[in-house]
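Worksheet: the structure to be examined is printed underneath.
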Amino acid sequence: MTDAPSFYEQIGGHDTFVRLVDVFYAGVAADPVLKPMYPDEDMAGAHERLTMFLEQYWGGPSTYSEQRGHPRLRMRHMPFHVDPDARDRWLAHMRAAVDALQLSPIHEATLWDYLDRAAHAMVNTFEPSGIGPAAGGRPAL
Ligand code: HEM
């Protein structure tokens, strides 16, 4: 291996991403708007999916795509009411999680810039919750 280490490796690999997602979901668990969107019965699965996705995105193992296929993140978020309030809450919990990692300024800025842009791209409604097909928490499947 002569390649330069990936961003994934530079910031500490699997343990770093597990910590990021753990701190993030601790915030989500206490959030009255976000918590109802997530599957009570499968929070371990939700942890795993976000960890695998972020690891793959930053040059770690490609387990996410092996298990879940193409990410298609905007499409996968369509069932949820992602309005600016939900986005800002998601970002606030992610901010706390990134801070907990105590990365170098350049790594911190690189990671945060991506998360901030991705969260803005995930917004799929400007309607108040309660209106439209994606209203409320998880859809009844
Ligand atoms: C902007 C606010 C956001 C909200 C409210 C939100 C909410 C959710 C919810 C409720 C789920 C379902 C949990 C599960 O069962 O896996 C989910 C899944 C997921 N989210 Fe988000 N999300 C947001 C932004 C993002 C962003 C910015 C990313 C990526 C950087 C992301 C990555 C993912 C991934 C990878 C999954 C699992 C997809 C799958 O394979 O099924 N989300 N999100």
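The values are calculated or read from the model by the stated rules, or taken from the named source; none is laboratory data. Bear in mind that the values here come from a model prediction, so they are computed numbers and not experimental data. As a convention, Cβ positions derive from the backbone with ideal geometry for all residues, glycine included, and neighbour counts pool all protein chains shown.
Just so you know, in region 1-22 the residues that are within 16 Å of Glu55 (Cα to Cα) and among the β-branched types (Val, Ile, Thr) include one that is nearest to the chain's Cα centre (by Cα), and it is Val21. Of all residues in region 81-99, none are within 17 Å of Gly12 (Cα to Cα) and near the ligand (Cβ under 8 Å from one of its atoms). Every residue in region 19-34 that is surrounded by 16 or more Cβ atoms within 10 Å (Cβ to Cβ) and out of contact with any Asp or Glu (no Cβ under 9 Å at 6 or more places or on another chain), please. Leu20, Phe24, Tyr25, Gly27, Val28, Asp31, Leu34, listed by residue number. If the condition is being small (Gly, Ala, Ser), more than 15 Å from the chain's Cα centre (by Cα) and crowded, with 17+ Cβ neighbours inside 10 Å, then region 66-88 contributes no residue at all. If the condition is being farther than 20 Å from Trp112 by Cα, near the ligand (Cβ under 10 Å from one of its atoms) and in a helix (DSSP H, G or I), then region 66-76 contributes Gln67, Arg68, Met75, Arg76. Just so you know, in region 23-56 the residues that are near the ligand (Cβ under 8 Å from one of its atoms), assigned to a helix (DSSP H, G or I) and touching a residue at least 24 places away in the same chain (Cβ under 8 Å) include one that is farthest from Leu115 (Cα to Cα), and it is Met37. When Leu103 is tested against the conditions (1) assigned to a helix (DSSP H, G or I); (2) at pLDDT 95 or above, the lone failure is (1).
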